[in-house]
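Colleague: Sharing a structure, written as structure tokens. Questions coming.
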Amino acid sequence: MPSGASSAQPSSATAAPAQPLLVATALTCRFGGVLALNQLDLNIQSGELLGIIGPNGAGKSTLFNVITGHVRPTSGRLDFRGQDITGMSPYRVARLGIVRKYQVPTVFQGLSVWQNLAVAANGRSSFPALFMRPAGIREKIARLLDLLHLSARADDEAGTLSHGERQWLEIGMVLANDPPLLLLDEPTAGMTTRETRETEALLKDLAKGHTVVVIEHDIRFIREVARRVIVMHRGRILADGVIADIERNETVRDVYLGRSA
Amino acid sequence: MIRTLSVRRRQWLGLAVLGVAILGIALAPIFASSYYISVLGEALAFAVFALALDLLWGVSGVLSFGHAAFFGIGAYSFGLLTQHLGSGSAPYVALIAALVVPAVLGIALGFFTFFSGVTGPYFAIITLTVALILSQIATSFPHLTGGLNGLSIPGLVLPTPAGELNLSDVVAIYYVGLAVAVIALVVGFVLVRAPFGQALLAAADSDPRAASLGYNTALLKTAVLAFSGAMAGIAGALYAPMASFVNPEVVGLTLSTNVIIWVALGGRGVLVGGMLGALTIAFLSSYLSGTLGHVWVLTLGILLLLVVLFKPSGLLGTRAIRRLVGSA
């Protein structure tokens, strides 16, 4: 059974530069009696688009929470670009370049759509920059609004958006922030088929300039966007490889795919 | 597009109303008696104080229940320094102290609270305690602060490039007050519309979301607390020569509560809201306590109840007007 499968990456055929961006070593996270993460090892290569799947409670969101500093791991270590970020506070992790989209769409409800994007765009800039609006930001936001089909709603409060629009706005905020590593927790949850398709296109486009990790339940979506897929189960990595291999894997079928079929 | 236009139009309308109000206040000395000018002058100092609290409470969502600590420290710093330095450029030095000392208090307070994750009601309780401690200090060291009797502020003459300004002159200090209030309002607007203010609004909305975009929210809140403290200190320094004395009431619980009422009544997060609340209540209470006596306090209570029941966001606290501040 392939547990710490850090080296098992059989056919990463796409020409991604093999420089690890994020390395998790023996990451363990215990909540009371529950092992949300159990000695998890993971390598994320620079420039890849990695999909994470797994049944509810497998530890996917916990993994994100630990990476972004929202939850301190019980033991283990995290390195981002060779720097130890274990237990670092969320804002420092973000400033280093890891920014996430939450599972429940989290936008600033009282701010307008435009303001949400502007605030997101400024998130990692220096303190003095907070007193002068950086040049070119209006154009950047206009482009994003266009991309997200939210131009008509730029002045509306984010609290008035529909669920799908909020998902998109939050993806847009992560884009505006422009971090080297994007963590997206269920970006298509609650979206219509058409919206999901558009998100696929957006993500593929996004992957050209960023390293992206996506948690999704929608296998079809993962099959469409991700080159490498990780299957998590009970806080461990059950399988790690290209989607075709994952779908043929008997253990994975038993644990996850079989159950939903 | 139509939406954008109507927001713009509302902004112009708001600015026009504000301009007329400022003009009205500026022309008041022509038709009002010097008694009412002195009352309105103090109300202007309180308006600056309310603006200071609104920058903290209305924008960053953090309620200080002891904001008079900053106002009072500003007033005492100004009073003590003008008393000991005599005239000349002393008022300027005293003014700088009234700005710096409360700002330092704000930084210290922010460091011990926001950086350890203390917010909400716990922060309110801590600020309340600070105000009570300071008011006790003001009472208990009579050789320094004049104790319960307070400090009397000497008649000050302010040297300016345009000649000397006599601060004991009611109309002169009234215009100083108006100038400070207008400058404070402009600074407040600029600050709130800058990315800094937007980030504070965002952190008030969702602190974790702001942090996970890279904002050091504890630092942002400490910065706004220091800024708000400095502005409250200036308000205190403005009040001191107007009242011509400073006593422990300026650091205490009553003033801390009053300023919350002004902001809540006028509209939180609107900047001009708190100022309107302060001007209205401070002026009315002076005017009506003369005619209505104790019934006025009851009237004020009923007025507050009505606002809280029917207009919980305050008199000016509509979304449209909030946009004036928030919209880029």
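Colleague: Under 20 Å from the 7 Å Cα→Cβ point of residue B:169, by amide nitrogen: which residues of segment B:62-102?
Modeller: Taking a point 7 Å out along Cα→Cβ of residue B:169, the residues of segment B:62-102 whose backbone N falls under 20 Å are B:87-92.
Colleague: Over segment A:20-260, consider all pairs of different Cα atoms and compute the Kirkwood hydrodynamic radius from their mean reciprocal separation; express it in Å, one decimal. Intermediate values should be presented prior to the final figure.
Modeller: Numbers: mean 1/r = 0.0540 Å⁻¹.
18.5 Å is the Kirkwood radius here.
Colleague: Considering only C-alpha atoms, what is the centroid distance from segment A:195-260 to segment A:146-165, in Å?
Modeller: Using only Cα atoms to place each centre, the spacing works out to 28 Å.
Colleague: With springs only between Cα atoms under 10 Å apart, run a GNM on chain A and tell me which of A:166, A:220, A:228 wobbles the most.
Modeller: A:220
Colleague: In vacuo Debye scattering of segment A:135-245, one point per C-alpha: log10 I(q)/I(0) at q = 0.23 Å⁻¹?
Modeller: -1.41
Colleague: Could you work out the Rg to Rh ratio of chain B, with Rh taken as the Kirkwood radius (inverse of the mean 1/r over all Cα pairs)? All intermediate terms of the calculation are to be shown ahead of the outcome.
Modeller: Values: Rg = 19.5 Å, Rh = 20.2 Å.
With Rg and the Kirkwood Rh in hand, the quotient comes to 0.97.
Colleague: For segment A:20-260, calculate the relative contact order in percent as a whole number, restricting contacts to Cα pairs under 8 Å that are 6 or more residues apart. It would help to have the intermediate numbers written out before the result.
Modeller: Values: 437 pairs, mean separation 66.0, N = 241.
After rounding, I find 27 percent.
Colleague: Another question about this same structure. State, in angstrom, two size descriptors of segment A:163-226 derived from its alpha carbons: Rg to one decimal place and Dmax to the nearest whole number.
Modeller: 10.8, 29
Colleague: Okay, moving on. Using +1 on the beta carbon of Lys and Arg, -1 on that of Asp and Glu, and nothing else charged, what's the dipole of the protein assembly as shown about the Cα centre, debye to 20? Display every interim value, and only then the final one.
Modeller: Values: 41 positive and 33 negative charges, 156 e Å.
Here the protein assembly as shown has a charge dipole of around 760 debye.
Colleague: Once you order the gyration tensor axes a ≥ b ≥ c over the Cα atoms, which shape class does segment A:62-197 get: rounded for a/c under 1.5, otherwise prolate or oblate by comparing a/b with b/c?
Modeller: Values: a/c = 2.26, a/b = 1.35, b/c = 1.67.
The shape class here is oblate.
Colleague: At 20 °C and 1.002 mPa s, what whole-number value in µm²/s does Stokes-Einstein give for the translational diffusion of segment A:32-135, with Rh from the Kirkwood sum over Cα pairs?
Modeller: Working: Rh = 16.1 Å.
Answer, rounded: 133 µm²/s.
Colleague: While we're here: For segment B:148-275, what is the relative contact order in percent, using Cα pairs closer than 8 Å and at least 6 residues apart in sequence? Intermediate results must be reported in sequence, preceding the final value.
Modeller: Numbers: 88 pairs, mean separation 39.4, N = 128.
Relative contact order of segment B:148-275: 31 percent.
Colleague: Let me ask something else about it. Take the alpha-carbon centre of segment B:67-90, take the same for segment B:147-226, and report the distance between them in whole Å.
Modeller: After rounding, the separation between the Cα centres reads 16 Å.
Colleague: Under unit Cβ charges (Lys, Arg +1; Asp, Glu -1), what dipole magnitude, rounded to 20 debye, does segment B:148-272 have relative to its Cα centre? It would help to have the intermediate numbers written out before the result.
Modeller: Values: 4 positive and 5 negative charges, 76 e Å.
Charge dipole, segment B:148-272, about its Cα centre: 360 debye, nearest 20.
Colleague: Give me the distance in nm between label points sitting 7 Å out from Cα along the Cα-to-Cβ direction at residue B:294 and residue A:160, one decimal.
Modeller: It is 5.0 nm.
Colleague: If you don't mind, there's one more thing I want to ask. Classify segment A:39-81 from the C-alpha gyration tensor, please: rounded if a/c falls under 1.5, else prolate or oblate depending on whether a/b exceeds b/c. Before the final figure, lay out the partial values.
Modeller: Values: a/c = 1.77, a/b = 1.06, b/c = 1.67.
Taking the square roots of the gyration eigenvalues as a ≥ b ≥ c, segment A:39-81 is oblate.
Colleague: Averaged across orientations, what area in nm² does the convex hull of the alpha carbons in segment B:1-145 project?
Modeller: For the Cα atoms of segment B:1-145, the hull's average projected area reads 13.3 nm².
Colleague: Quick one: putting +1 on the C-beta of Lys and Arg, -1 on the C-beta of Asp and Glu, what dipole do you get for segment A:20-260 around its Cα centre, in Debye to the nearest 20? Working shown, then result.
Modeller: On the way: 29 positive and 26 negative charges, 102 e Å.
Dipole size: approximately 480 debye.
Colleague: Still on this model: In a GNM of chain B with a 10 Å cut-off on Cα contacts, which of B:133, B:261, B:302 has the highest mean-square fluctuation?
Modeller: The residue that fluctuates most here is B:302.
Colleague: Over chain B, calculate the relative contact order: mean separation of alpha carbon pairs under 8 Å at least 6 apart, over the residue count, as a percent.
Modeller: 33
Colleague: Additional query: Pick out which of A:162, A:151, A:112 has the largest mean-square fluctuation in a Gaussian network model of chain A, springs linking Cα atoms closer than 10 Å.
Modeller: Taking springs between Cα atoms under 10 Å, the residue moving most is A:162.
Colleague: Ratio of the protein assembly as shown's C-alpha Rg to 2.2 N^0.38 Å, to two decimals? Mind dumping the intermediate values first?
Modeller: Details: Rg = 28.8 Å, N = 589, 2.2 N^0.38 = 24.8 Å.
It is 1.16.
Colleague: Which aspartates and glutamates have a Cα lying under 15 Å from the Cα of residue A:60, excluding residues fewer than 8 positions away in the same chain?
Modeller: Cα-Cα hits under 15 Å: A:41, A:185, A:186, A:216, A:218, A:240.
Taken together, the values in this text are just the output of simple stated rules run on the coordinates, not laboratory data. The structure presented is a predicted model; accordingly, all values stated were derived computationally and were not measured. All Cβ positions, glycine included, derive from the backbone under ideal geometry; neighbour counts span all protein chains shown.
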